[in-house]
Amino acid sequence: MDIIIGLIRNVLEEGFIYGIMAVGVYITYRVLELPDLSVDGTFPLGACVTAALIRAGVNPWLACVIAFMCGAAAGSVTGLLHVKLRITDLLSGILVMISMWSVNLAITRGSAVVQFYNEDTIFTSGPAALLKGDLRIWRFLILAAVVCIIVKLLLDFYLKTQSGLLLRSAGDNPQYVISLGKDPGSMKILGLAIGNGCTALSGSVLAQQAQSANIQSGTGMVVMALAAVIIGTNLFRKLRFMKATTAVILGSILYKACLVIAMQLGLPTNYLKLLMAVIFTVALVSNNMLGGRRKKQNVNPNKI
Amino acid sequence: MSIQTKSETGFVSLRNIYKTFNPGSVNEVVLFTDFNLDIVKNQFVAVVGSNGSGKTSILNLLCGSLPLGSGEISIGGRDMGRLKEHERSKFIGRVFQDPSKGTCPELTILENMALADNKGASFGLRRGVNKRRVDFYRSRLELLKLGLEDKIHLPVASLSGGQRQALALLICTMAPLDLLILDEHTAALDPRSSETVMELTERLVREKSLTTLMVTHNLKYAIGHGDRLIMMHRGSIVLDVSEQDKSALCTRDLTDKFNEISLEDGN
């Protein structure tokens, strides 16, 4: 029983941590309809920045905020390449992703792994220190959930503001943004900044959980985040009362659960990335099939 | 067939416009050579013409969605030449042929109106929909007589083409405008919806005394609405009748003229 509870705790912990990234990618992929590959580079960016800052004695919560800002800056670069230099969205993402490798190495001063055991993290200091006794083993889950839910609530709030409504229009109908006298390109850059900021924050929290940052931790993050977004938004599409950001976090938890179940059933670790790709493919294909059906329902010849 | 005297500049003016598509290639098409058009303030101009006559290109040149070859475009005394499309939108409102272009389908009616209401201001972190304006939005929607005032929380995607176009027109005229551009805005609608939208157009244009440029394929609308009618052919104005002469003009005359120029093109 303890093992099962331990596994569930583990799934929820990681689900929430990657959920932070998933809500960010929801902004770029679903709201702006941009497939953003720079996520693979900005996730370890967040981790490396955090490791460097925590080792320098910076407050871990402040490190989270700085990680977010670094991610946002990298995301703006993707946006600028795409919008101002007219490079396709996929290529702009790849360019930033590949350049982040060097940036991350520069931050870690050339080492692939930076450990910061015994340093304060958000899981050991500040509010987390109040969790004592039996609650101690739950502190990772509690803090990951708290950070994830704060990010989700802030995004929900943002998407209802004037700027947020404009961002949603930029993805849906850029011409409408133009008629409002605004440049849809700037909104795309802003959206990519938010998306990659969340991704870097997610990397930062994961690094603090592991108390080490690994510059290779970004591999497969695009796939993981997109899978969470697609699984979440598809499974819970029918539930009108549920916000898309909530659905995406649940998608992230479900996705993690699939991976953990597969590992528990004896899948060798080496096949993990393959499994990630397979689950993503299944999610994409079912998305297309469901999406196709939905489209047909929407077209009502009497209404045009 | 009077073309304006070039000395006085209109409220909206296109001067010495040259536009060539695909210059230097085998597909080179010269559309405008020294094209001039002036529209006085508060005038409602209807433009007709066959496909490829340059009607829509004029709209695109005005809005900046098509780069200008050479010439000068000014609206309300402001030179538009250097302004980008979204910068010109501050002075121009445009309703497109495609009803889905004038609104954001994913947002609700209320959110769409709130966005349009904020046009020209900065889009910051204030709440998108100002609760105190909701009653005003409702009263504007009541003008449409489509019952949309009771559906303000529905996404625009769930509306019909006619409802969307009526909403687009309303949204587009919410902020003060120097020029309203109607780009075949009834062409994609069924006859009943297009009547409704055309009626609404007439009402809004008159209510706000908007300077309006309407491109249409419907000769009846071109005669029935507006203070001035222009027929275009191969990038130049072949007919330009003002209000007095227009009342004498019937659909038949216009159709004959239209057929005459269409025959030249062999279509």
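Toward the positive end of the charge dipole of chain B, about the Cα centre and with charges on Cβ (Lys, Arg +1; Asp, Glu -1), which of B:Phe123, B:Ala46, B:Ile237 goes farthest?
B:Phe123
How many partner chain Cβ atoms sit within 10 Å of a residue's Cβ in peptide B:184-190, on average, as a whole number?
Average per residue, whole number: 1.
Given only helices, namely DSSP H runs of n ≥ 4 each adding -39500 (n - 2.57), what is the per-residue ellipticity at 222 nm of chain B, to the nearest 500 deg cm²/dmol?
-9500 deg cm²/dmol
Using only atoms on other chains, find how many Cβ atoms lie within 10 Å of each Cβ of peptide A:182-190 and report the average.
Average per residue, whole number: 2.
How would chain B be classified by its alpha-carbon gyration tensor: rounded, prolate or oblate, with rounded meaning a/c under 1.5 and the a/b versus b/c comparison settling the rest?
Because a/c hits 1.5 or more and a/b exceeds b/c, chain B counts as prolate.
How much accessible surface does A:Tyr255 have with a 1.4 Å probe, in Å² rounded to 10?
0
Using a 10 angstrom cutoff on alpha carbons, build the Gaussian network for chain A and name the most mobile of A:Lys243, A:Lys132, A:Lys256.
Greatest mean-square fluctuation among the candidates belongs to A:Lys132.
Using 0.36 nm times the number of residues separating A:Leu239 and A:Ile4, minus their current alpha carbon distance, what extension gain do you get?
That works out to 81.7 nm of additional length.
Rounded, prolate or oblate for region B:67-195? Axes are the square roots of the Cα gyration tensor eigenvalues, ordered a ≥ b ≥ c, and the cut-off for rounded is a/c under 1.5.
oblate
What is the magnitude of the charge dipole of the protein assembly as shown about its Cα centre, with +1 placed on the Cβ of each Lys and Arg, -1 on the Cβ of each Asp and Glu, and no other charges, expressed in debye to the nearest 20?
With Lys and Arg at +1 and Asp and Glu at -1, about 1420 debye.
Hey, got a sec? Which chymotrypsin sites (Phe, Trp or Tyr not before Pro) in region A:81-153 land in a DSSP loop and have at most 11 other Cβ atoms within 10 Å?
A:Tyr117
Any idea which of A:Leu275, A:Ser125, A:Ile137 is furthest toward the positive side of the dipole for chain A, if Lys and Arg beta-carbons carry +1 and Asp and Glu beta-carbons -1?
Selected residue: A:Leu275.
Can you spot the aspartates and glutamates whose alpha carbon is less than 19 Å from B:Lys220's alpha carbon? Ignore those fewer than 8 places along the same chain.
B:Asp183, B:Glu184, B:Asp190, B:Glu195, B:Glu199, B:Glu202, B:Asp240, B:Glu243, B:Asp245, B:Asp253, B:Asp256, B:Glu260
Based only on Cα atoms, what Rg/Rh ratio does the protein assembly as shown have, Rh being taken as Kirkwood's radius?
On the Cα set of the protein assembly as shown, Rg over Rh gives 1.07.
Excluding the sites themselves, what is the longest stretch of chain B that contains no trypsin sites (Lys or Arg not before Pro) in a DSSP loop with at most 14 other C-beta atoms within 10 Å?
B:146-267
If the label point is 7 Å along Cα→Cβ of B:Tyr18, which residues in region B:63-107 have backbone nitrogen under 16 Å from it?
Of the residues in region B:63-107, B:67-73 have backbone N under 16 Å from the label point off B:Tyr18.
A:Ala56 label point, 7 Å along Cα→Cβ, cut-off 13 Å on backbone N: hits in region A:65-98?
The answer is A:66-67, A:70.
Taking R0 as 60 Å, what FRET efficiency do you get between B:Leu249 and B:Ala121 from their Cβ-Cβ distance, rounded to the nearest 0.05?
Efficiency for this residue pair is about 0.90.
Determine, from the Cβ-Cβ distance of B:Val40 and A:Asp156 and an R0 of 60 Å, the FRET efficiency 1/(1 + (r/R0)^6), rounded to the nearest 0.05.
0.75
Any idea what the relative contact order of region A:1-154 is, in percent, if you count C-alpha pairs under 8 Å spaced at least 6 apart?
With pairs under 8 Å counted, the relative contact order is 33 percent.
Efficiency by 1/(1 + (r/R0)^6): what FRET value for A:Leu90 and A:Leu275, r their Cβ-Cβ distance, R0 = 22 Å, to the nearest 0.05?
Approximately 0.40, to the nearest 0.05.
In whole percent, what relative contact order does chain B give with Cα contacts below 8 Å and a gap of six or more residues?
Relative contact order for chain B comes out at 27 percent.
Can you give me the distance in nm between label points at A:Val113 and B:Glu260, each placed 7 Å from the Cα along the Cα-to-Cβ direction?
8.8
Report the relative contact order of chain A, percent, no decimals, based on alpha-carbon pairs under 8 angstrom and at least 6 residues apart.
Relative contact order for chain A comes out at 34 percent.
Starting from the coordinates of the alpha-carbon atoms of chain A, obtain the Kirkwood hydrodynamic radius over all distinct pairs and give the value in Å to one decimal.
19.8
The values are calculated or read from the model by the stated rules, or taken from the named source; none is laboratory data. Small disclaimer: the values here were computed from a predicted structure and weren't measured. Neighbour counts run over all protein chains shown; Cβ positions are idealised from the backbone, glycine included. Remember, those area values only see protein heavy atoms, side chains included, never the ligands or the DNA or RNA. Shrake-Rupley method; radii C 1.70, N 1.55, O 1.52, S 1.80 Å.
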